[in-house]
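The structure appears below as structure tokens.
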Amino acid sequence: MIELPSGVVEGRDAYRKLVATGFAWAEPVSFDVHHFGTEDDDIVFADWTIRARRREDGVVIEWRGLSICRFVGDKIVWWREHHLAPPAPVDR
């Protein structure tokens with residue numbers, strides 16, 4: 001399960017749809033991780049910034065967020081994400 005500001009994504013089909021929708025409107029530019037930490041070897045925290053170029057007009061969109069997830073073995077079993085501000089255009 002993934003909890004995003006836009007709602008909950010649960011199951012492989014919903015995750016595939018999320019990824020396909022993301023790549024349909026934009027192409028990745030960068031994903032910078034500013035801080036990264038773990039707790040008890042299975043919980044991971046991250047502070048990051050994502051940039052993507054909108055396909056329709058080439059404008060670069062940026063958003064910064066915080067995430068936490070839990071691993072069981074080599075699989076993420078849940079993920080929660082918080083955006084510090086809504087995605088917005090940036091000057092390049």
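All of the numbers you see were taken from the coordinates with simple rules; none came from a lab. Please read all numbers here as calculations on a predicted model, not as lab measurements. Please note: Cβ atoms are built from the backbone with ideal geometry, for glycine as well, and neighbour counts cover all protein chains shown.
Per-structure values
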item: Mean shadow area of segment 2-85, taken as a quarter of the surface of its Cα convex hull (nm²); result: 5.9
item: Between helix 12-25 and the chain: long-axis angle, C-alpha atoms, 0 to 90°, nearest 10; result: 20
item: Other-chain or far-sequence residues with amide H under 5 Å of Val59's (modelled H); result: Arg54
item: Cα-centre dipole for segment 2-85 with unit charges at Cβ (Lys and Arg positive, Asp and Glu negative), debye to 20; result: 400
item: The chain - mean residue ellipticity at 222 nm from DSSP helices (-39,500 (n - 2.57) per run, n ≥ 4, rounded to 500); result: -5000 deg cm²/dmol
